[in-house]
Amino acid sequence: MASKPQYKAWFESVAHPGERYELDEIVYTDRDGGLLQVVHDMDELRKTPADDWKALFEARDHTSEWPYGSGVWGKKEWVLPCVQPDNVVSMFEGHSNLFWAERYGKQLGLEALWIKLCGNTHTGSFKDLGMTALVSMVKEMRMRGKPVRAVACASTGDTSAALSAYAASAGIPAIVFLPRGKISLAQLIQPVANGAIVFALDTDFDGCMEIVKRVAEKDGIYLANSMNSLRIEGQKTVGIEIVQQSEWRVPDWIVIPGGNLGNVSALAKGLDMLVDLGLVTKRPRIVCAQAANANPLYRAYQRGFETFEPIAAQPTLASAIQIGNPVSYEKAVDAIQRYDGVVEEATEAELAEAAAEADRTGLFNCPHTGVALAATKKLVARGEIGPQDHVVVISTAHGLKFVDFKVKYHEMRLEGLIPEHPNPAIELPADYDTVRTRMLREIELRFRE
Ligand SMILES: *Cc1c(COP(=O)(O)O)cnc(C)c1O
């Protein structure tokens, strides 16, 4: 009789395979300060045939069975097998919609443009996928008697929102460090509302990161930034979910915006497992899209990845990716190289217009999604992405978290940018004839064939 499978995972140095740590150890980097990654016992996972994994994941989809109804925990064996179900901290994240953006795709000249709306989730960004994994592991560690008093992160807004929500759900104190005045109001109010200890510091993201790294050196403060590779384990489900939602067909291209570059690495890591465990045979090509004002990966790509130079990121509307010294640079380069990838950039005008154009077809894009859409447009325009290609753009946050950006765009108040699709509200006296005349003129103007 077959024995019960013993799925196992551990931290392992990326640079020095063999340097291993248990997942409940308080460790973020290897002996040289390099990145760790979570490695799974693939031989054990391989004992289950590919079709059985598919059937299992499908059977768990959207059930209320704790914790498997979550898009992340429905793949628990591939994510963090060692966490006891009782210690999982979940708000049934994942399962975000993947849909055919027919009208916008046709405008770009694409038959099959699909959008994966990762912002349709608990705190409005894909960061939930990673935080459910990390906070669950922290709860597990506390149950095992590890000295973790609180969790902390530096953030461009969405990480702190997700950390605060999941920590609050578990009753674990959270501390967040934000660059003062550089995040949206919606992003600031989330950790405030969830009861986190919120510090707004006079610096940028990279400056907050320096502080939180020191804070996490002692006092039982556990670091929740994406340098902590536990988050990647949750985030990697996005690629698996895209393929599952596509009836196990692999798209030709997946486009994703990148800042600290944890998410593009996570995307590749999830797809790797699908290939390694035989659920699919093909790999998509990955496009990582950066804001031109914060483009260290793009610059390195232009140099064939021969050298990397951190930069001082300039302000960008895509504030969540205003990062000049990305933590996961090496992992991202590995992902781009193995997935025949492309790195593209988008200027402020390009990202704002792409977001606005797509909004006109019923979407409601955050500026980071605007970066990904602008990159997609460029690749289509130069023929790299073909008209018949199956393209999935990862939308990383909900547009409602970035209404300041949209309001300014439509009121034509964005600095240095004259919008091409402004649609400010029309203010008129409450007079029927004036309203009707104007209304008919607007219909005529806008919906001319
Ligand atoms: C965090 C974030 C990103 C960038 O992800 P990285 O892992 O830092 O590359 C992109 N978009 C949004 C909305 C985010 O919150």
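Only residues in region 150-172 that are crowded, with 24+ Cβ neighbours inside 10 Å count as the first member; pair them with residues that are charged (D, E, K, R), Cβ under 6 angstrom, at least 6 apart or cross-chain, and list the lot.
Going by the 6 Å Cβ cut-off, the qualifying pairs are Asp158/Lys127; Thr159/Lys127; Ala162/Lys127; Ala162/Asp128.
Consider Lys182 against the criteria (1) among the basic types (Lys, Arg); (2) closer than 23 Å to Ile323 by Cα; (3) at pLDDT 95 or above: it satisfies all of them except one. Which criterion is unmet?
Here Lys182 clears every test but (3).
Does Gly220 satisfy the criteria of being within 16 Å of the ligand (Cβ to nearest atom), among the small types (Gly, Ala, Ser) and either within 27 Å of Glu344 (Cβ to Cβ) or over 20 Å from the mean Cα position of the chain (by Cα) (or both)?
Spelling it out, it is not the case that Gly220 is within 16 Å of the ligand (Cβ to nearest atom), among the small types (Gly, Ala, Ser) and either within 27 Å of Glu344 (Cβ to Cβ) or over 20 Å from the mean Cα position of the chain (by Cα) (or both).
Is it true that Ala300 is of a type in the set (A, V, I, L, M), closer than 21 Å to Asp158 by Cα and part of a helix (DSSP H, G or I)?
Criteria not met by Ala300.
Yes/no matrix, rows are residues, columns are (1) over 21 Å from Thr361 (Cβ atoms); (2) in contact with a His (Cβ under 9 Å, 6 or more places away or on another chain); (3) in a helix (DSSP H, G or I):
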{"residue": "Lys406", "(1), (2), (3)": "no, no, yes"}
{"residue": "Tyr409", "(1), (2), (3)": "no, yes, yes"}
{"residue": "Arg413", "(1), (2), (3)": "yes, no, no"}
{"residue": "Glu420", "(1), (2), (3)": "no, no, no"}
{"residue": "Ile426", "(1), (2), (3)": "yes, no, no"}
{"residue": "Val435", "(1), (2), (3)": "yes, no, yes"}
{"residue": "Glu444", "(1), (2), (3)": "no, no, yes"}
{"residue": "Arg448", "(1), (2), (3)": "no, no, no"}
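So, Thr316, is that one away from the ligand (no atom under 16 Å from the Cβ) and in a loop (DSSP other than H, G, I, E, B) or not?
So Thr316 fails the test.
Table: residues versus (1) of a type in the set (Gly, Ala, Ser); (2) away from the ligand (no atom under 16 Å from the Cβ); (3) within 16 Å of Ala354 (Cβ to Cβ).
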site	(1), (2), (3)
Ala375	yes, no, yes
Arg382	no, yes, yes
Gln388	no, yes, no
Ser395	yes, no, yes
Leu400	no, no, no
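Which residues, taken from region 152-179, are more than 16 Å from the chain's Cα centre (by Cα), more than 19 Å from Gly220 (Cβ to Cβ) and modelled with pLDDT of 95 or more?
Ala165, Ser169, listed by residue number.
The values are calculated or read from the model by the stated rules, or taken from the named source; none is laboratory data. If you're wondering where the values come from, they're calculated on a predicted model, not measured in any experiment. Glycine also receives a Cβ, built like all others from the backbone with ideal geometry; neighbour counts cover every protein chain displayed.
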